[in-house]
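Below is one structure, written out as structure tokens; the observations come after it.
The values are calculated or read from the model by the stated rules, or taken from the named source; none is laboratory data. Note that the structure is predicted; figures quoted are calculated from it, not measured. Don't worry about glycine lacking a Cβ; one is built from the backbone with ideal geometry, like all the others, and counts go over all protein chains shown. Surface areas here come from the heavy atoms of the whole protein model, side chains and all, with no ligands, DNA or RNA. Shrake-Rupley method; radii C 1.70, N 1.55, O 1.52, S 1.80 Å.
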Amino acid sequence: MRDRRLRRAQASIEAALAAGEPDAVRVSSYLAEVRRYFTAFDREAAAQVRRVDRELERLYLVEYNMTAERGVAAKRAEATQGVLSSLAELARQ
């Protein structure tokens, strides 16, 4: 754990537990530090999820557009092959 405040609170509560029953103030202080730490962590994780969701949305749009573009190109290639086949047939006659 890298958070100094949480590390100190953890050490304090561990010492209190080792010495017996920790008092309510120490328990409350420890729980407040744990809440502070995980609240910040939760905000960071939620922000990362939002960033990834935006990127996925962008990628889905790119995929949709590329699929449509491929469909147009495939139809054009099919039409071109039809013309070339007709020309080849005419040349054989």
Study note, to complete from the structure: Residues in the stretch 12-59 that are closer than 18 Å to ARG2 by Cβ and among the polar types (S, T, N, Q) total 3
Practice item. Inspect the stretch 12-24 for any residue being in contact with a Ser or Thr (Cβ under 8 Å, 6 or more places away or on another chain), surrounded by 10 or more Cβ atoms within 10 Å (Cβ to Cβ) and in a helix (DSSP H, G or I) and give the result as yes or no. Key: yes
Review point. Of all residues in the stretch 27-71, which are closer than 30 Å to LEU17 by Cβ and charged (D, E, K, R)?
Key: GLU33, ARG35, ARG36, ASP42, ARG43, GLU44
**Study point:** The one condition in (1) open to solvent by 100 Å² or more (accessible area, probe 1.4 Å); (2) in contact with a helix residue (DSSP H, G or I) (Cβ under 6 Å, 6 or more places away or on another chain); (3) not β-branched (Val, Ile, Thr) that TYR37 fails to fulfil
**Key:** (1)
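Table: residues versus (1) open to solvent by 90 Å² or more (accessible area, probe 1.4 Å); (2) of a type in the set (S, T, N, Q); (3) on the phi < 0 side of the Ramachandran plot.
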position: LEU56; (1), (2), (3): no, no, yes
position: LEU59; (1), (2), (3): no, no, yes
position: TYR64; (1), (2), (3): yes, no, yes
position: ARG76; (1), (2), (3): yes, no, yes
position: GLY82; (1), (2), (3): no, no, yes
position: SER86; (1), (2), (3): no, yes, yes
position: GLU89; (1), (2), (3): no, no, yes
position: GLN93; (1), (2), (3): yes, yes, yes
